[in-house]
Amino acid sequence: MIIGIGVDVVQVSRFEQQLARTPALRQRLFVPAERQLNIRSLAARFAAKEAVAKALGAPAGMNWHHCQVVLDAAGAPSVQAAGSVAAVADSQGVQRWHLSLSHDGDLATAMVVAES
């Protein structure tokens, strides 16, 4: 059963400008392993984190570091929830995440389905 869905679109150039204007934002949004990625990958991961929040009903107190995009051996992305994000997901009965990321030109998109 589907618990929630979320989608987010990020304009890569605008996101890059935000990171340049507010250097601490990179540390606030991303775990160390994510911080070194190229800007398109960062934008897609931010879109994924936003989409996860939307799939969960945008709970207050979500820690950005508690939601990470990881790649499997074949390079397919998936959501890794921990801490505050895992607690909300568990309380809603989420047992499985589905994640799709896409880039096209200056846009990065993420679609998330939370499933019980």
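Before moving on, here are some points about what is shown:
- Under the criterion of Cα pairs below 8 Å and six or more residues apart, the relative contact order for the chain equals 39 percent.
- Förster-model FRET efficiency, 35 Å R0, Arg21 and His98, C-beta, rounded to 0.05: 0.55
- Distance between the C-alpha centres of region 83-116 and region 34-72: 8 Å, rounded to the whole angstrom.
Readers should treat all values here as calculations from the given coordinates under stated rules, not as data from a laboratory. Predicted model, so just to flag it, every value in this text is computed and none were measured. Note: ideal-geometry Cβ built from the backbone for every residue, glycine included; neighbour counts use all protein chains shown.
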